[in-house]
Structure formats: structure tokens, C-alpha cells
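The values are calculated or read from the model by the stated rules, or taken from the named source; none is laboratory data. All of these numbers come straight from a predicted model, not from anything done at the bench. Don't worry about glycine lacking a Cβ; one is built from the backbone with ideal geometry, like all the others, and counts go over all protein chains shown. Please note that ligands, DNA and RNA were not included when accessible areas were found on the heavy atoms of the full protein model with its side chains. Shrake-Rupley method; radii C 1.70, N 1.55, O 1.52, S 1.80 Å.
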Amino acid sequence: MSRADEIFIQNMRDILDCGVTDDNAQVRPHWADGTPAHTKKVFCIVNRYNLQREFPIITLRRTAFKSAIDELLWIWQKKSNNVNELNSHIWDSWADETGSIGKAYGYQLGIKHKYPEGEFDQVDRVLYDLKHNPLSRRIITNIYVHQDLNEMHLYPCAYSVTFNVADGKLNAILNQRSNDMAVANNWNVVQYAVLVHMLAQVSGLEVGELVHVIADAHVYDRHIPQVERMLKGTTHPAPKFVMNKDVTDFYKFTVNDFALEDYEYEPFYEKFEVAI
């Protein structure tokens, strides 16, 4: 069993067995047919992944590795907020007629700010500090910008990352206000594990830990029977993560620079409907 599977199973059992429901409350999310999308949830899950030990991808079902990376590059490398620049369609429900999701995600990372060292956007500030001031305790990105929330089609879920270097290893804390555990949990873990690998490589560092803090960890009502079936599956060892070692510029990475070797997973192909 991979460590990611172990953590995922424990998270899901905590929610399904001990979580609280909002069945009797009015809720904002809804299904495509207009039915309210209720959840069972627990408050504040903290998961730790040692990236030197293994790559944190679950094997209970397939996580779309390349698609997850494509979205990561769309946000962190392209700094885009337009779904027409994304190869998957996961954001289409929140896009307007031009493809924009408003002043959200990549848009916020790409805004330049003035510092004593020069003018940087948030990603370039991280890259600068990891190379020039790696022991700084101020290497943080934050895309939950209150003044722009009314112009975002969806408030950021994974909204802040704190980077910290210790003993030549790059560690990161991903803060997430809300997580649809069946649809997006491992997707997000895979993305930010890859991001730590990318930033470490271009900064001359090793990878360390990824810590994932989730304030509202929930399973939607329509997902509960599916999750119960998925948890009965067989788990497999973690695959080997492979990254093109020749890339030294963060902006030169492409989806094809990443691969998994020996990724075995259960043939669980039920689709999880996404609440809107």
C-alpha cells in the first residue's frame, strides 16, 4: 500500500464514520440537475507526505497524472485564468463566454508587486528567494485576495503555499479552505508534490515534505456510496516519479517532462459528478 493510499483511506473513514452532515441546512453547492449538494465533513485535516520516501499518488483508482500537471502549469507557469489555455474541461462550469474564470488562481499569481530587490509576481518572488535567500521564513504565495473575490467566478480552494528550506531540502505547506475529497483530494496532492519537485530542481535543492492542511474536508452525498465501494479495492505500491533532470528553468517544464514508472491502480472507473 502506498503512503498516499493509507492517508486517503484514513481521511475517508474519518469523514464517513465520524463526520457531520449539513442535510438540514441551506447550501450553496448544487448538482447539475439543480438539487442541493449536501456533504458529510470533518474540520481540519493535516496530512504529511515525505517526498523523498515516495510519490504521493493513490492506487485505489487512477489519478490523471498528466492532466493534473497540465492544470498545475496552467496556474503556476502560464498564470492563466482562461480555460481555453487548459487541455482539460474541469473548469468549464465556472468560465464565462470568453473562457475566463475571473480574477482567480493564475491571474493572482501573475500580478507584479514591488520589492526592494525589484518587481516580481508571486511565482518569480518564490524563485528569486529560493535561489538568493533560501533560509527566509517569508516565502509564501497567497491567491485569496479579498478585494478581488467579487470578480472571481470561484473562490480559491487551495489558496496559499508556504515554502521552507531546511538542511538543503525544500518543504511546503499547502493550505486549502475546502476539499471535495472524492474528486480533488489526490489531484491536489499530486499537483503540489510535482510543484515542490520542480521548484527544488531549479533551485538546486532536494525535496522534503509536503504538508496538506484542509479546513473543510468533505464528501458529497452522491459520492458516499461510490467512496464506500472504492475503499473496498486493493491497493498497490507507490510508483516511481520521474522528472527531466535537464530542465533548470521553471518556465521550460512541459507536461512531457514528467512520468510515473510502474503505476499500478485498481480498475475503479466510476465517475464522480462535480458539484457546482
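Quick rundown of the values:
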| item | result |
| --- | --- |
| Which listed residue is touching a residue at least 12 places away in the same chain (Cβ under 8 Å), in contact with a His (Cβ under 8 Å, 6 or more places away or on another chain) and either surrounded by 13 or more Cβ atoms within 10 Å (Cβ to Cβ) or within 23 Å of ASN175 (Cα to Cα) (or both), from ASP14, ASP22 | ASP22 |
| Residue within region 120-143 that is under 30 Å from LYS41 (Cα atoms) and open to solvent by 30 Å² or more (accessible area, probe 1.4 Å) present | yes |
| Lone unmet requirement of (1) assigned to a loop (DSSP other than H, G, I, E, B); (2) touching a strand residue (DSSP E or B) at 6+ places or on another chain (Cβ under 8 Å); (3) charged (D, E, K, R) for GLU264 | (2) |
| Region 73-97 - residue that is modelled with pLDDT of 95 or more and open to solvent by 30 Å² or more (accessible area, probe 1.4 Å) and, of those, nearest to ILE276 (Cα to Cα) | LYS79 |
| Failed criterion for TYR115 (all others in (1) aromatic (Phe, Trp, Tyr); (2) out of contact with any Phe, Trp or Tyr (no Cβ under 9 Å at 6 or more places or on another chain); (3) more than 27 Å from VAL247 (Cα to Cα) hold) | (2) |
| Subset of region 27-63 [polar (S, T, N, Q), surrounded by 12 or more Cβ atoms within 10 Å (Cβ to Cβ) and either within 21 Å of LEU154 (Cβ to Cβ) or without any contact (Cβ under 8 Å) to a residue 12 or more places away in the chain (or both)] | THR39 |
| Meets criteria (open to solvent by less than 90 Å² (accessible area, probe 1.4 Å), within 25 Å of VAL183 (Cβ to Cβ) and modelled with pLDDT under 95) for ALA238 | no |
| Hits in region 220-245 (condition: more than 21 Å from TYR192 (Cβ to Cβ), of a type in the set (A, V, I, L, M, F, W, C) and touching a helix residue (DSSP H, G or I) at 6+ places or on another chain (Cβ under 7 Å)) | ILE224, VAL227, LEU231 |
| Test: residue in region 150-169 that is free of Cβ contacts under 8 Å to residues at least 40 places away in the same chain, in a helix (DSSP H, G or I) and either open to solvent by 10 Å² or more (accessible area, probe 1.4 Å) or of a type in the set (A, V, I, L, M) (or both) | yes |
| Residue within region 99-113 that is hydrophobic (A, V, I, L, M, F, W, C), closer than 20 Å to VAL194 by Cβ and either surrounded by 16 or more Cβ atoms within 10 Å (Cβ to Cβ) or in contact with a strand residue (DSSP E or B) (Cβ under 6 Å, 6 or more places away or on another chain) (or both) present | yes |
| Odd one out for ALA104 among (1) in contact with a Leu (Cβ under 7 Å, 6 or more places away or on another chain); (2) more than 23 Å from ASP216 (Cβ to Cβ); (3) in a loop (DSSP other than H, G, I, E, B) | (2) |
| Filtered residue count, region 193-234, keeping only those that are open to solvent by 20 Å² or more (accessible area, probe 1.4 Å), in a helix (DSSP H, G or I), touching a residue at least 60 places away in the same chain (Cβ under 8 Å) and in contact with a strand residue (DSSP E or B) (Cβ under 9 Å, 6 or more places away or on another chain) | 3 |
| So ALA238, is it assigned to a helix (DSSP H, G or I), out of contact with any Leu (no Cβ under 6 Å at 6 or more places or on another chain) and either at positive phi or of a type in the set (Gly, Ala, Ser) (or both) | no |
